[in-house]
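Report on the structure given below.
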Amino acid sequence: MTARGLAYLDVRLTGGRLMTEPMPIPVVETDEVRSAVGEPWESAPAAQQPQWRAHSDYHRTCAQLRDSDPLVTPTELDTFRTWMAVVAGGQGQLLQLGDCAEGFHECTPAHTFAKIDMLRSLAVDLAARTGGPVVPVGRLGGQFAKPRSRPTECYGGVELPSFRGHMINSEIPTPSARQHDPRRMLWAYEASAKVTRWLGIHRDRGTRPSSVPSGPWSSHEALVVDYEASLIRRREDTGAAYLGSTHLPWLGERTRDPDGANALLLAAVSNPVACKVGPAADPVALVRLCGLLDPDREPGRLTLIPRMGRDPVSALTNVVVAVRRAGHPVVWLCDPMHGNTVTTRNGTKTRYLDDILAEVAGFRAVLERYDQHPGGLHLEVASSEVTECIGGRSVPNEDALAYCYTSLCDPRLNPEQARQVLKAWAQ
């Protein structure tokens with residue numbers, strides 16, 4: 001069966017094999033938010049969370065995750081944080097690439113190695129254009145949950161719960177498939193374990209380009225509090241807490257409330273962490289969040305990822321000035337994708353390459369004006385020649401989107417389009 005065919009089946013990883021099976025029985029939903037007793041995020045509000053606490057397997061699933069091995073190690077995190085400090089100091093670039101939402105059906109060696117090869121290739125390209133080292137980070141090994149602007153969506157006149165990523169429910173548009181099921185956290189863990197192991201194989205290879213001296217590393221949005229809290233571990237050498245699910249967890253635009261559970265959870269771990277910042281961000285609240293996540297003002301600890309849209313100057317200027325004044329040595333990473341999503345006449349989500357290039361230019365102009373290092377790019381890129389964003393020779397117009405549109409969620413650049421973005425960034 002092809003990957004496209006698998007997209008219409010639920011997928012479970014078990015016994016080291018990919019297995020297709022019907023969706024589980026629907027369960028009663030509840031709004032309760034629960035995490036580890038006694039932790040600072042326990043009683044904090046948590047936005048965008050699955051509603052699965054009344055499921056009979058909820059507690060057993062969380063217990064299994066708490067007993068599972070971490071997917072990343074303290075030694076890896078130490079190395080990664082050292083390179084993040086290099087980027088924060090203006091001596092390198094960070095390139096973060098991957099899918100909008102990973103699919104269980106693509107957690108195979110062939111799919112993963114293709115994504116890693118794409119990431120490595122584009123990192124080498126960026127290094128050649130900028131003349132400095134590039135740290136490659138994949139949206140890989142855990143990007144299975146997505147926030148959504150609406151809790152429901154319509155298919156054929158039927159209102160259904162929105163698809164929130166394979167960790168939470170299925171993309172299949174039926175009522176049973178869209179129910180939130182906590183057992184999917186175990187499937188996501190198993191899929192992530194495979195992908196992070198393959199990332200480690202590539203990272204540990206004896207030879208690599210001198211321009212890409214580190215990585216590839218894993219990253220995902222730390223959205224589902226149940227999952228992330230269950231994978232917090234303690235270092236044996238220092239006792240410090242670290243998040244064992246990924247190297248670089250980030251907060252999204254909808255979950256960066258300094259008083260929210262997601263932010264409090266990331267404040268409690270020693271990983272490098274990141275945060276998306278949209279055009280409506282309050283600079284005062286953002287500085288407060290920076291103080292929570294980076295209280296010691298340590299280079300390499302905090303990455304900010306503005307996603308402002310094609311005219312970012314005004315909103316970005318306010319953010320840069322406020323963070324600079326507060327003295328946080330952040331990595332500034334440009335996300336020119338998420339502020340530039342539009343819908344075509346027939347309802348297809350897309351992005352225009354010209355808008356992406358405009359945001360890249362505006363971002364660099366603001367950072368350089370205030371003597372801040374433009375630290376790199378955060379792009380949604382497919383490893384194949386998809387036709388999901390309009391621009392370049394491969395997707396000249398809206399009609400071309402239908403040729404190869406396979407994203408589970410938002411539109412991605414193809415490698416050819418991504419190279420155009422890298423070229424504009426370097427210029």
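We did not get these values from a lab; they are worked out from the coordinates using the rules stated. Just so you know, these numbers come straight off a predicted model, no measurement behind them. Reconstructed Cβ throughout: ideal geometry from the backbone, glycine too, with neighbour counts over all protein chains shown.
Points to keep in mind about this one:
- Separation of region 62-101 from region 103-129 is 16 Å, based on Cα centroids.
- Our estimate of slack between Ser162 and Asp371, defined as 0.36 nm per intervening residue step minus the Cα-Cα distance, is 71.0 nm.
- Theoretical ellipticity at 222 nm over the chain - DSSP helices of four or more residues, -39500 (n - 2.57) apiece, nearest 500: -10000 deg cm²/dmol
- Look at the alpha carbon pairs under 8 Å that are at least 6 residues apart: their mean separation over the length of region 330-427 gives a relative contact order of 30 percent.
- Cβ-Cβ FRET estimate between Asp67 and Ser176, R0 fixed at 45 Å, reported to 0.05: 0.95
- Longest site-free stretch - the chain; sites: trypsin sites (Lys or Arg not before Pro), DSSP loop, at most 13 other Cβ within 10 Å: 1-204
- DSSP-defined beta bridges in region 3-426 - what % are antiparallel, rounded to 5: 35 percent
- Put simply, the C-alpha atoms of region 80-224 give a gyration tensor, and the ellipsoid matching it has half-axes of 34, 16, 13 Å, longest first.
- Straight Cα distances below 16 angstrom link Lys146 to the lysines Lys276, Lys349, with same-chain residues fewer than 8 positions distant left out.
- Rounded if a/c under 1.5, otherwise prolate or oblate - region 106-151, Cα gyration tensor axes: oblate
- Mean shadow area of the chain, taken as a quarter of the surface of its Cα convex hull (nm²): 19.6 nm²
- In the elastic network of the chain, a GNM with C-alpha springs shorter than 10 Å, the most mobile of Val124, Val158, Val212 is Val158.
- With 0.36 nm allotted per residue and the present C-alpha distance subtracted, the Cys404-Thr75 stretch has 114.4 nm of extension available.
- Loop-located GluC sites (Glu not before Pro) in region 140-238 (DSSP state not H, G, I, E or B) with no more than 12 neighbouring Cβ atoms inside 10 Å: Glu236.
- Remark: relative contact order (the chain) = 18 percent; criterion is Cα-Cα distance under 8 angstrom and separation of 6 or more residues.
- Share of Cα-Cα pairs in region 194-313 lying beyond 17 Å, as whole percent: 61 percent
- Region 255-322: proportion of alpha-carbon pairs further apart than 16 angstrom, %: 44 percent
- Quarter the surface of the alpha carbon convex hull of region 145-192 and you get the mean projected area, 3.3 square nanometres.
- Lacking any other cysteine beta-carbon closer than 4.7 Å, the following Cys residues of the chain have no compatible partner: Cys62, Cys107, Cys154, Cys275, Cys290, Cys334, Cys389, Cys404.
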